[in-house]
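Would you mind keeping the following structure in view while I ask a few things?
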Amino acid sequence: VQLQASGGGLVQPGGSLRLSCAASGTIFGVNPMGWYRQARGKQRELVASVIAGGSANYTDSVKGRFTISRNNAKNTVYLQMNNLKPEDTAVYYCNGRVLSRYYWGKGTQVTVSS
């Protein structure tokens, strides 16, 4: 199973970015799917996750600014990030579970700076 993330980049504070992550190499559904991030010198943390039925949860610091969604048919998860702040700067990783195993994608850098 491979998870391919895209959509990171450099954005000014208050700007928006949309991350995408597509899973391939499996005939099974990927559930749940989520996004983690790791800032320099900090531990990796869960940003948001979503199950196949659409129920999502978010870490407190992104509630109201980030929205996670998914396309079950495409085994793809998205993270819409609005009103970005410098403290959102990190490498973002997508994660998904297939049967009983979790898989990680390569990270994508998000930098929020003026």
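The values are calculated or read from the model by the stated rules, or taken from the named source; none is laboratory data. Predicted, not measured: the structure shown is a model, and the values here were computed from it. Heads up, the Cβs are rebuilt from the backbone with ideal geometry, glycines too, and the neighbour counts pull from every protein chain shown. Surface accessibility is based on the protein's heavy atoms, side chains included, excluding ligands, DNA and RNA. Shrake-Rupley method; radii C 1.70, N 1.55, O 1.52, S 1.80 Å.
Gaussian network model of the chain, Cα springs within a sub-10 Å range: biggest mean-square fluctuation belongs to which of Arg101, Arg65, Arg44?
Arg101
How much length would be gained if the chain were fully extended between Tyr102 and Lys74, taking 0.36 nm per residue of separation minus their Cα-Cα distance, in nm to one decimal?
Values: separation 28, 0.36 × 28 = 10.08 nm, distance 1.78 nm.
Here the answer is 8.3 nm.
Around Gly14, with a cut-off of 12 angstrom between Cβ atoms, what is the net charge of the other residues, counting Lys and Arg +1 and Asp and Glu -1?
Working: positive: Arg65, Lys85; negative: Asp88.
That sum, taken over residues with Cβ under 12 Å, equals +1.
Rg(Cα) of the chain divided by 2.2 N^0.38 Å?
Details: Rg = 13.3 Å, N = 114, 2.2 N^0.38 = 13.3 Å.
Normalised Cα radius of gyration, the chain: 1.00.
While we're on this one: When the accessible area of the chain is computed with all protein chains present and a 1.4 Å probe, what percentage of it is carbon and sulfur? Walk me through the intermediate numbers first.
On the way: 2930 of 6270 Å².
Ligands and nucleic acids excluded, carbon and sulfur give 47 percent.
Lys and Arg at +1, Asp and Glu at -1: add these up for the other residues within a Cβ distance under 14 Å of Asn83 and post the number.
Here the count lands on +2.
Could you give the nm distance between label points at Arg65 and Thr26, where each point is 7 Å from its Cα heading toward the beta carbon?
Modelled inter-label distance: 3.0 nm.
In Å and on Cα atoms, what radius of gyration and Dmax does region 1-55 show?
In order Rg, Dmax, the Cα atoms of region 1-55 give 13.5, 40 Å.
Another question about this same structure. Show which aspartates and glutamates lie in cross-link reach of Lys42 when reach means a straight Cα distance below 15 angstrom and same-chain residues fewer than eight apart are skipped.
Glu87, Asp88
Using a 1.4 angstrom probe, figure out how much accessible area the chain has per residue, in square angstrom, rounded to the nearest whole.
Details: 6270 Å² over 114 residues.
With all protein chains present, the chain gives 55 Å² per residue.
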